[in-house]
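Reviewing the structure listed below.
Derivation of every value follows stated rules applied to the coordinates shown; laboratory data play no part. All of these numbers come straight from a predicted model, not from anything done at the bench. All Cβ positions, glycine included, derive from the backbone under ideal geometry; neighbour counts span all protein chains shown.
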Amino acid sequence: MGILLKKLLLYRKELSILSFKRTISNIVEYSAVISLLLMLTACTIQPLYSSGKKTVRAIPDIRKELFSVAIESPTDHITLLVRNHLIYLLSGDSGQSASPAYTLKLNVSSHIQQAVHVNIGDGTNRGGRPSAGRVIATAGYVLKDIQGKILFVRRTSVTSSFDRPRQEYANLQAEQDAKNRAAEELAERIFLSIAINFRKF
């Protein structure tokens, strides 16, 4: 029992370190997203010698490009979660464009990785039960233009940790919440990737 407790404490420490690293990583990613969104605004500059009537656009407006991306219909629940959040990021409350110029194909998969096992203490299961878990979600995505030409192919992966309480319902809810977080993070990464690549075109 002492060894199991030591393993559990060690794992909790590792989770804290991973959580800290992930927080730093998220701050960097979200800062990049915020910077990108600021660049997407109608930013203009005025020449030094100007009457004030004319302005010169400083940054290409790619909002129309983002809105013109249509995402193919999903075939499973995790892909649906990613797709729904990505549609909101690309076009807000407007939904998908009726006449898209690009199509995005998503291929999302996820699995649960069990973590530290602890003895439940009732003599029925000496192997113990998992006290924590991780949702590992991976997305492959392909962006094509209206003619079917592949513009780029990318792949990204995220991990979302969660605790496993003894209550079955709470356990299932914690697992689903972790899947939702993973899906949202995947969508944000894909959105950022698309926006950056549009600026390169």
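Numerical summary
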{"item": "Residues THR79, THR159, sorted so that the one with the fewest Cβ neighbours within 10 Å comes first", "result": "THR159, THR79"}
{"item": "Distance between modelled label sites at HIS111 and GLU175, nm, 7 Å Cα→Cβ extension", "result": "1.5 nm"}
{"item": "Stretch gain in nm, segment LYS144-GLU168, where the contour uses 0.36 nm per residue and the Cα spacing is subtracted", "result": "4.3 nm"}
{"item": "Calculated FRET efficiency for the pair SER157/SER97, C-beta based, R₀ 25 Å, to 0.05", "result": "0.30"}
{"item": "Simple label model, 7 Å out from Cα along Cβ direction - THR75 to SER193, nm", "result": "1.9 nm"}
{"item": "When each of LYS105/LYS149; LYS105/LYS144; LYS105/LYS179 is checked by Cα-Cα distance, pairs over 18 Å", "result": "LYS105/LYS179"}
